[in-house]
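Remarks on the structure that follows.
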Amino acid sequence: MTPPAGLGYFIGGNATAVIDTSSSHGVLRALMLGMMASHAIFRVVHDRIPNTYAIRVYNDWISKGF
């Protein structure tokens, strides 16, 4: 399985995890995944946090939530 984030990429939305988008929870989770991915990218680009830290936090957050 490909991790949801790695050097040079963050996967967001429905492509990140298997979720039921036909239920209200699936849509909410897809939106949350996209928001978290964009937040991680923003922090790397603008706040200059290390890529490896952002990747680890994002992957951990997804593994705990899904």
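General observations
- Options I19, I49; residue that is modelled with pLDDT of 90 or more and over 10 Å from the mean Cα position of the chain (by Cα): I49
- Of all residues in region 1-14 being of a type in the set (A, V, I, L, M) and either touching a helix residue (DSSP H, G or I) at 6+ places or on another chain (Cβ under 6 Å) or exposed (fewer than 12 other Cβ atoms within 10 Å of the Cβ) (or both), the one that is modelled with the lowest pLDDT: M1
- The set of residues in region 55-66 being touching a residue at least 24 places away in the same chain (Cβ under 8 Å) and either more than 14 Å from G12 (Cα to Cα) or hydroxyl-bearing (S, T, Y) (or both) consists of Y58 alone.
The values are calculated or read from the model by the stated rules, or taken from the named source; none is laboratory data. Worth saying up front: this structure is predicted, and the values here are computed from it rather than measured. Glycine gets a Cβ as well: all are built from the backbone with ideal geometry, and neighbour counts include every protein chain shown.
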